Structure formats: C-alpha cells, structure tokens
Amino acid sequence: MQTLQNDIPTRQALDENKRLLRARDRSYRTAKLTQGMLVILSISLPLSAIYFAPNFPQIKPYVALLGLILLLLETAVIDQVQKGRLKLGAKIQEQFDTEVFKLPWNRFVTGARAESEDIRSLSAKPLSKRREKHFQAWYEPCVGRLPIHLARLVCQRTNISYDSRLRRRYGNWLLFLTIVFGIALSLIGLNRGLLVPDLVMTLVVPFMPVLNWALKERLQQVNAAASLTNLVGEWDKIWTKALDGDDSVHITAESRALQDAIYQKRERSPLVFDWVYDLLRSSNEDEAYHAAEELVAQAEKKLQEASNA
C-alpha cells in the first residue's frame, strides 16, 4: 500500500469539509435555477409569439413589450442578485480549499469567511447520493503520495485546467445553439405566414433577452477560459521552481498567491449549468485523473533523483 505524504485525501472527506462543498453546491444551484428560469422564459416568449401571432395579431405589441421588460429586468435586477450568489459560492469553495490545502485565509482578497448560518442553511440537507459521492474525493487521491507543497499545486492545476476546458467547450456550444435556434425561429415564423414587420415585433424583439444573454454569456465564458489558460502559465513557473528544489515555505507562499487568483476568477466567472457538467463530466474527469497522475509521477521521479544525488 502506498504511504501517504500528506492528508489532503483524508481532509477533503471530513464531514465539515463535505458540508462546505454541499453549501457551495446549493449556493450555485440557486443561481443556476434563476438563470435557467430566465432562459426558459426568454425562449418561450418568441415561441409563443410565433404560435399565437398569426391568429391573434393584437398581441404583437404586448409580446414585444414583455421582451423589453425581461431584458431590462435581467440587466438591472437579476444580474446583481446573481453576482451576490456567485460571490458566496466562490467564498465557500475558498474555505474548502484553504482547509484542505492547509493554506492561511487571505482576508485582504476574500474578505470575511461565509457566515456559519449561511453554510448551515445551505448544507443541512444532503444532495443526491450521486452528488454526495463526488464530495468524498473532490481532488484526485494520488496527490497524497507527494509532500503537501507539491500536492496542493497539483490540486490547483486540476482546478484551473478543469474549469478552463469546461468553459471553452460550453462557450462554443452556446454560440452554435443560439444561432441555430434563431434561424429555426425565423424559418418557423415565415412558414406560418408572418411578414418581415411582423417578425420584428413577434420574434426579434422577444428574442432579444435570450440573444443578449447568450452573446454576453458566450463572451464571458470564453474570456474566463482565456484568463484561466494564462493562469496555467503562472502555475507552470511555480511547478518548475518546486521540482527544481525551491524551498517548501517559498512554494507555499506562491501557492497562496495562486489561490488568490483562482478565487478572483471564481468570483467573477459566469455560471455553467449542471446539465453541462453532467454531459462533459466523464471526459473531463478522465482527463483530470490522467493529468494528475502524470504530474504526481513527474514529481516522484524528481524527488527520487534528488534523494539519490
């Protein structure tokens, strides 16, 4: 049996840390539910307009007005509420990471920890058995074979890379599906006998909220993925220093600075729906597992060479 060099695999499975993951999940899910309802409403509005407008032309201006109201609500109200939920979710995830990685809490960057009452209300009830199972081994168990200053770097690399790849794929899909949906709506409208002026009132204006959301979301996802890719470059520099034998205290300080950047990216990055995670989970987790194993093997080889020198 492989001897553990650090307790990340066991610490992440502690009840108090699984509660943090559960609370983090619920905070994000509330935001995702709001976003999902907004998207469904934005899609149903032009669909309903196309179906009813040919027989009830008097509803056209009302449908257009509803579309504009929905657009304003998303920009002026819902967006601000979502930012608060994202910040809470990012803060709870930061609490989990600092506990598991044994890193100090950086109040200057993150502010105060999440309120205990908030964590309790969000984590009181378990999630699905399938989701709870993921909390048992959030980071790859193989990192336990390394000293903690190297192990936490592997975990941080997993965080950055997993998120970047997911967001890039999601952003590309989002643009494609939005274009296809818009074209399909236009063809359906023309097929039902709507003229171009009617299409503007019953399709273009009601379609604006979902189009605005999709284009903004796609841009944010792509920008978030690009920022995370740049962060991988910074991680590479720290990893090279660590493998070259740099002092563990210095590497820990570098990890703390890297964790600050990860937190800030989480706080500002847009949401990804759970169904997207589920759809891509198998391939993403397989890639993350093999990447972690390779990094651990690389570090073990370096450590062995250093001990033999």
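The values are calculated or read from the model by the stated rules, or taken from the named source; none is laboratory data. Treat the numbers as computed from the prediction; the structure is a model and nothing was measured. Note: ideal-geometry Cβ built from the backbone for every residue, glycine included; neighbour counts use all protein chains shown. Protein only, heavy atoms only, side chains kept; ligands, DNA and RNA dropped before computing areas. Shrake-Rupley method; radii C 1.70, N 1.55, O 1.52, S 1.80 Å.
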> Given H placed 1.01 Å from N in the peptide plane, which residues other than close sequence neighbours of SER269 have an amide H under 5 Å from its amide H?
Replying inline: none
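Set the bar at 20 Å for Cα to Cα. Now go through LYS102/LYS302; LYS18/LYS125; LYS87/LYS241; LYS18/LYS133; LYS241/LYS265 and name every pair that lies beyond it.
Details: LYS102/LYS302 24 Å; LYS18/LYS125 12 Å; LYS87/LYS241 32 Å; LYS18/LYS133 10 Å; LYS241/LYS265 24 Å.
Correct reply: LYS102/LYS302; LYS87/LYS241; LYS241/LYS265.
What relative contact order, as a whole-number percentage, does the range 91-185 give when Cα pairs under 8 Å and 6 or more residues apart are counted? Spell out each step's value before the answer.
Details: 24 pairs, mean separation 16.4, N = 95.
About 17 percent, as a whole number.
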>> Ratio of alpha-carbon Rg to the 2.2 N^0.38 Å globular estimate for the range 1-43, to two decimals, please.
In response: 1.92
> Highest mean first, what order results for 12-19, 219-226, 24-31 on Cβ atoms within 10 Å?
Replying inline: 24-31, 219-226, 12-19
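Could you please state how large a percent of the accessible area of the range 218-290 is carbon and sulfur, counting protein chains only and using a 1.4 Å probe? Please list the in-between numbers first.
Numbers: 1880 of 3530 Å².
C and S atoms contribute 53 percent here.
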> To two decimal places, what compactness ratio does the range 264-309 give when its Cα radius of gyration is scaled by 2.2 N^0.38 Å?
Replying inline: 1.81
>> What are the ³J(HN,Hα) couplings of the range 156-169, residue after residue, when phi is run through the Karplus curve with 6.51, -1.76, 1.60 and θ = phi - 60°? Round to Hz, x for glycine and proline.
In response: 5, 4, 4, 4, 5, 5, 4, 5, 5, 5, 4, 5, 5, 5
> With θ set to phi - 60° and the Karplus curve 6.51 cos²θ - 1.76 cosθ + 1.60, what are the ³J(HN,Hα) couplings of the range 211-219 in order, to the nearest whole Hz, using x for Gly and Pro?
Replying inline: 5, 4, 4, 5, 5, 5, 5, 4, 4
> Once the other residues with Cβ under 14 Å from the Cβ of LYS301 are scored (Lys, Arg +1; Asp, Glu -1), what is the net sum?
Replying inline: -3
>> If you average the alpha carbon positions of the range 116-153 and of the range 241-274, how far apart do those two centres end up, in angstrom?
In response: 17 Å
> Can you work out ³J(HN,Hα) from phi for every residue in the range 236-245, in order, using Karplus 6.51 cos²θ - 1.76 cosθ + 1.60 and θ = phi - 60°, giving whole Hz and x for Gly and Pro?
Replying inline: 4, 5, 5, 4, 4, 4, 5, 5, 7, x
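With all protein chains present and a 1.4 Å probe, how do LYS32, LYS133, LYS241 order by accessible area, largest first?
On the way: LYS32 30, LYS133 160, LYS241 80 Å².
Correct descending sequence by accessible area is LYS133, LYS241, LYS32.
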